[in-house]
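What follows is a short report on a single structure.
The values are calculated or read from the model by the stated rules, or taken from the named source; none is laboratory data. Since we're looking at a predicted model, the values are computed, not measured. Cβ: placed from backbone, ideal geometry, glycine included. Neighbour counts: every protein chain shown. To get the accessible areas, we keep the full protein, side chains included, count just its heavy atoms, and leave off ligands, DNA and RNA. Shrake-Rupley method; radii C 1.70, N 1.55, O 1.52, S 1.80 Å.
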Amino acid sequence: MIDPTMRQTTTGDGAGVGPEAIAGFLRRLRGGVEDGLDPLSAAERAATGLPASLRRSVERMAARMRGDYHEDEWGFDEEFAEAAFPMFELLYDGWWRVVATGVENVPAHGRAMLVANHAGSLFPFDASMMTLAIMREHPLPRWPRFMVLNWAFVLPFLSAFMRRVGGVPANPDNATSLLEADQVVMVFPEGVKGTGKPFSERYRLQRFGRGGFVEVALRTGSPIVPVAVVGSEEIYPKIAESRALARLVGAPFVPITPTFPILGPLGLVPLPSKWRIEFCEPIELSGHPPEAADDRALVFEISELVRDRIQRKLYENLVKRGSAFL
Amino acid sequence: MAPGKRIVITGISGHWATALAQRLERDPTVEFLAGIDTEPPAADLERTEFIEADIRSPVLSRLLPSTAADTIVHCGLLWYPAPGKPDRALHDINVIGALQLLTACERTPTLSALVVRGSAAIYGCEGAAPLFFTEEMARRYALKTRFQRDVGELENYFDNFARRHTEVTCCMLRYQPEIGPNLDAPLVRYLSLPVVPTQLGFDPRLQFIHETDATGALEAAVRNPVRGAVNVAPSGSISLSRILRLARKPAAPIPHPMFGPALAQVGRRLGVGGAYGDGVRLLRYGRGVDNARLRGEVGFEPEFDAAGAVRDFAAKQHGRRLVRVPSPGDVADLVGSRSSG
């Protein structure tokens, strides 16, 4: 004899969880609550009868609701980052077809500073794509941290999101404290000058600030890994900017792209350019003492060296990429 | 035999001064202990002499030298406007009181150490701030609230005093907000609300120092005063959303421009009169400070880290539930009857 509910379970519900299982779960939940457990512990206990994957997610959700998850001292929440990962994977594989090379040049342990060009006027995705390249293609993946334009940290939602996925406000103190804790830190010395440059100047590196990143690297004895990111310039081509709007919202600049703001929210969809990310060989700075950070000439020399290397790699990868979109 | 310590504590009716006095009373090397305030301490103190005086009055300059104190602990700072009292009173006590106290200190030749229970508000609360302020990073940002400006002035006066009187070890403790199951403070009351208002889209990183650590750090600084500023904070940091989860409190997100007025509405419940600008900024941008100097130089190791302090608070707090959670049994019966029917 075939139980009708069983058939319903196997055919109707792909996950294999029928109403029976849910009812059983809720009955056990009631038992738990009547035994004097709090709802979350009761849910965990009741989940023992569920299929393994569902049980795990119930347990994980209960732990999260209870605040039992790890959050490091800078506010990075690994579980949250993992949850956001698939969304970015979609962009990485399907939308931008990222080709990453030289990922093994990122040290597998110890501190390191990744220095990259910065682009993508409306919302720069270069840090997230570099993170994915490391997490997916490095033999020993680890979550890198990244420096974010300070303005993002006064905005609702964006500030909380950035912090949870490993972003910190861009300043030398934060970079130093992360590197001293042996983290991989991504910095974008071009800053707003990089993201805010017009489309006609794409892939032409802007000034590298005042070389502050070199000072931090020297002081903490971190190797610098130059990174060239190709493709990020075409996602939101900036053809003009609106000063008035920027002043109104307090933003450093508000770009006008072929789709934004004409198409409204649809204009926020980045264009599907083809990406290449190349991680270059690390530049070792441990030969210099920490005091070398005060040597202006040396700082500028290293800063220029890094800049030249990224610029060269940008041109190389532009040639390798060929067409920007196809 | 070396003579015992002679310690005078200001603001003795306050929680922290009383807690400190209770600890110091147990120490036989403390020969003389006195507390100054306008009201007597709420708790029973055994051998602490109560000196009734207003620290804003010049009479302090006559009282203090007569105690022959070698250590003065200034706990008289007010952190938030009390209900029904104007902001002016706060400023008077925090700034004019400090000035009178320092004048009195100048006339006390026996003085060797001055410890102030100050505030980390000097660093401000900024979105793009360093994640952990060290002591030399004070005043990177403009002081925005009245309390911040008071703390700024207070620190100025103490810096001047420290420069002119090198024989006195001046120690400025910069406290992060405290937390504890027995504590009555606006932010503790805030976390004890049945539904906690938060700012929509913001999730600040916070540090609450556990009340036993807060008193412990004060005691450690009195025993081993170091020159200059010392941050008093737990290690690590914790986000507000996780605090609320640990405390099992539902959050009520409010768009941030409306949060200040909303907080003022519940101000009476928080024990704060008027606008509580410091709280609004702290609960929007958060603040983290580095406690390396406290642990290394003062030699005080906090027992609780940022998450631990909140866990302890949550474990000992008897929460109230506003909304009755529907019994899962009812739902089970409903689903069960449907599936079999």
(message) About the Cα centre, and with charges only on the beta carbon of Lys, Arg (+1) and Asp, Glu (-1), how big is the dipole of the protein assembly as shown? Nearest 20 debye, please.
(response) 1820 debye
(message) On a full-extension model of 0.36 nm per residue, what is the gain between A:SER323 and A:TYR69, subtracting their alpha-carbon distance, rounded to one decimal in nm?
(response) 87.0 nm
(request) Once you've got the GNM for chain A with C-alpha springs shorter than 10 Å, pick whichever of A:LEU132, A:LEU268, A:LEU122 has the biggest mean-square fluctuation. (result) A:LEU268
(request) Calculate for the protein assembly as shown the 222 nm mean residue ellipticity that helices alone would give, adding -39,500 (n - 2.57) per DSSP H run of length 4 or more and normalising by residue count, nearest 500 deg cm²/dmol. (result) -11000 deg cm²/dmol
(message) Using a Cα-Cα cut-off of under 16 Å, which lysines could be cross-linked to A:LYS238, ignoring same-chain neighbours fewer than 8 residues away?
(response) A:LYS193, A:LYS197
(request) Treating only the Cβ atoms of Lys and Arg (+1) and Asp and Glu (-1) as charged, compute the dipole magnitude of segment B:106-264 about its Cα centre; round to the nearest 20 debye. (result) 320 debye
(message) Per residue, how large is the accessible surface of segment B:172-299? Use a 1.4 angstrom probe and give square angstrom.
(response) 32 Å²
(message) Which one, A:ARG27, A:ARG219, A:ARG111, has the greatest fluctuation when you compute a Gaussian network model over chain A with C-alpha springs under 10 angstrom?
(response) A:ARG27
(message) Positive end of the dipole of the protein assembly as shown, charges at C-beta (+1 Lys, Arg; -1 Asp, Glu), about the Cα centre: which of A:GLY24, B:THR18, A:SER242 has its Cα farthest in that direction?
(response) A:SER242
(message) I'd like the distance separating the alpha-carbon centroids of segment A:77-101 and segment B:197-260, in whole Å.
(response) 33 Å
(request) Can you find, among A:ILE224, A:CYS280, A:PHE260, the residue farthest towards the positive end of the dipole of segment A:169-283? Put +1 on the C-beta of Lys and Arg, -1 on that of Asp and Glu. (result) A:PHE260
(request) For the protein assembly as shown, give the share of DSSP beta bridges that are antiparallel, in percent and rounded to the nearest 5; count only bridges with both residues there. (result) 15 percent
(request) Between beta-carbons, use under 12 Å as the cut-off and find the net charge around A:LEU40, counting Lys and Arg +1, Asp and Glu -1. (result) +2
(request) Using Cα pairs closer than 8 Å and at least 6 residues apart in sequence, work out the relative contact order for chain A, in percent. (result) 19 percent
(request) Lys and Arg at +1, Asp and Glu at -1: add these up for the other residues within a Cβ distance under 14 Å of A:ALA251 and post the number. (result) +2
(message) Could you work out how much longer the chain between B:VAL195 and B:ASP159 gets when fully extended? Use 0.36 nm per residue separation minus the Cα distance between them, nm to one decimal.
(response) 8.7 nm
(request) Name the residues whose placed amide hydrogens come within less than 5 Å of the amide hydrogen of B:LEU114, ignoring near sequence neighbours (fewer than 5 apart) on the same chain. (result) B:ILE72, B:THR169, B:CYS170, B:CYS171
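Given a 1.4 Å probe, how much area per residue of segment A:134-209 is accessible, in Å²?
Here the residues of segment A:134-209 average 39 Å² of exposed surface.
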(message) Given contacts defined as C-alpha pairs under 8 Å and at least six residues apart, what's the relative contact order of chain B, whole-number percent?
(response) 18 percent
(message) Once you keep just the Cα pairs under 8 angstrom separated by 6 or more residues, what percentage relative contact order results for segment B:144-231?
(response) 43 percent
(message) Give me, ordered by chain and number, the residues 5 or more places off A:PHE146 or on other chains with an amide H under 5 Å from its own placed amide H.
(response) A:GLY167, A:VAL168, A:MET186
(request) For the B and A pair, go ahead and give the buried accessible area with a 1.4 Å probe, both sides summed, in Å² to 100. (result) 2900 Å²
(request) Give me the net charge of B:ILE96's neighbourhood, meaning all other residues with Cβ under 12 Å from the Cβ of B:ILE96; Lys, Arg count +1, Asp, Glu -1. (result) -2
(message) Charges at C-beta only: +1 for Lys and Arg, -1 for Asp and Glu. How large is the resulting dipole of segment B:57-134 about its Cα centre, in Debye rounded to 20?
(response) 200 debye
(message) I want to verify a result. In a Gaussian network model of chain A, Cα cutoff 10 Å, which of these has the top mean-square fluctuation: A:PHE300, A:PHE25, A:PHE125?
(response) A:PHE25
(message) Please compute the per residue accessible area over segment B:1-96 with all protein chains in place, 1.4 Å probe, rounded to a whole number of Å².
(response) 49 Å²
(message) Using the Cα centre of segment B:171-309 as origin and beta-carbon charges of +1 (Lys, Arg) and -1 (Asp, Glu), tell me which of B:GLN207, B:ALA262, B:GLY277 is placed farthest towards the positive end of the dipole.
(response) B:ALA262
(request) With a 1.4 Å probe and every protein chain kept in, tell me what percent of the accessible surface of the protein assembly as shown is carbon plus sulfur. (result) 57 percent
